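Here's the structure, in structure tokens; my notes come after.
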2 protein chains.
Amino acid sequence: MQGGSNADVAGAADLVVVAVPFAGHAELLAELAPALAGKVVVDCVVPMGWDELGAYVLDVAEGSVTQQAAALLPDSWVVGAFHHLSAVSLEDLSQPTLDGDVMVVGDDRAAMDLVQALAGLLPGLRGVYAGRLRNARQVEALTINLVSVNRRYKTHAGVRVTGV
Amino acid sequence: MQGGSNADVAGAADLVVVAVPFAGHAELLAELAPALAGKVVVDCVVPMGWDELGAYVLDVAEGSVTQQAAALLPDSWVVGAFHHLSAVSLEDLSQPTLDGDVMVVGDDRAAMDLVQALAGLLPGLRGVYAGRLRNARQVEALTINLVSVNRRYKTHAGVRVTGV
């Protein structure tokens, strides 16, 4: 493992996962666009706001965060995925496997296949094709419902696609 | 089982499930509002459009179909649920159980508890609290991603909430 500036690390990677707060998403990607050209960019950012009623979906002018990434990175292969994974579950090494599926959205089949395969490397997870880029919004936003599930059931919820 | 006009049936029921194409949703509910007063109304309508690229989400001025129902039925208890159930799976009596969860969204706890319990009566299903009315949109719209899953994997996909 190696660290470095965002631009250096992005430039050296074959595939880059964008996991930042939505507030800094557009600015970061605009800055990194040259370094990310020609690469697969996996966006897992959720447009989530909070108020006294809990979590809610922030509007994104492009329709979704993944579409925003695609607009800012015209020379990259942008895929949306990994929104529903609980960071707590990922960090809990006492559990032998995770429990859920990774919904993968995008318009480039080869990039999606790669990201689905990557998801499948995590124990207990599968990467599932979940539609085109224009249908990314609800996949991202469903994370906000999982936050509601977590609060109600005191859990770290995920999602599995049944029938696949 | 008994049939009748929409208004007669709605007026005689304790709980009404709205399962109509989105195109007729607002008109129907506006007309039935008096008959539905005081009742639990379960909306499972998906705002889905189709074009040459497949299914996509239709914009709803109120934010979601369930919020549209709530706006049109101020004297009813409106809950969103049952969006992700495959009609084909429901009709296939050769399968002993269904496989999935029913995500239930709304703002009235008692009505939601009732709908969750109702969902739990279907073999293999659970009713899961999935957040407030304002977070209904992505639950409805996720059905469109399941349509993409169905096309890709030749299946009748559903959703299960893991960790609950």
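The values are calculated or read from the model by the stated rules, or taken from the named source; none is laboratory data. Small disclaimer: the values here were computed from a predicted structure and weren't measured. Note that we place each Cβ from the backbone using ideal geometry, even for glycine, and neighbour counts take in every protein chain shown. Keep in mind that these areas ignore ligands, DNA and RNA; they rest on the heavy atoms of the full protein, side chains included. Shrake-Rupley method; radii C 1.70, N 1.55, O 1.52, S 1.80 Å.
Can you tell me how segment A:34-122 classifies by the Cα gyration tensor, rounded, prolate or oblate, using a/c under 1.5 as the rounded cut? Mind showing how you got there, number by number?
Values: a/c = 2.36, a/b = 1.11, b/c = 2.13.
Oblate, since a/c reaches 1.5 and b/c is not below a/b.
What separates the A:Thr97 label point from its copies, with the point 7 Å along Cα to Cβ, is 1.8 nm, written shortest first. The heavy atoms of A:Ser148 present about 20 square angstrom of accessible area, all protein chains included, probe 1.4 Å.
Paramagnetic label reach from B:Tyr153 (point 7 Å along Cα→Cβ; backbone nitrogen cut-off under 18 Å): within segment B:78-105, residues B:83-90, B:97-103.
Assume the label is 7 Å from Cα along Cα to beta carbon: what separations in nm does B:Arg126 have to the matching positions in the other copies? Computed spacing set for this position: 1.9 nm.
Counting protein heavy atoms only, segment A:60-150 has 57 percent of its accessible area on carbon and sulfur, 1.4 angstrom probe. Comparing the full protein assembly with the isolated chain (1.4 Å probe, heavy atoms, ligands and nucleic acids excluded), the residues of segment B:50-74 losing at least 10 square angstrom of accessible area are B:Asp51, B:Leu53, B:Ala55, B:Tyr56, B:Val57. Label points for B:Ala110 are taken 7 Å from Cα along Cα→Cβ. From this copy to the others they lie 6.0 nm apart, shortest first.
The B and A chains share an interface that buries close to 3300 Å² of accessible area, total over both sides, probe 1.4 Å. Listed by chain and number, the aspartates and glutamates whose C-alpha is less than 20 Å from the C-alpha of A:Lys39, apart from same-chain residues fewer than 8 away, are A:Asp8, A:Asp14, A:Glu27, A:Glu31, A:Asp75, A:Asp107, A:Asp108, A:Asp113.
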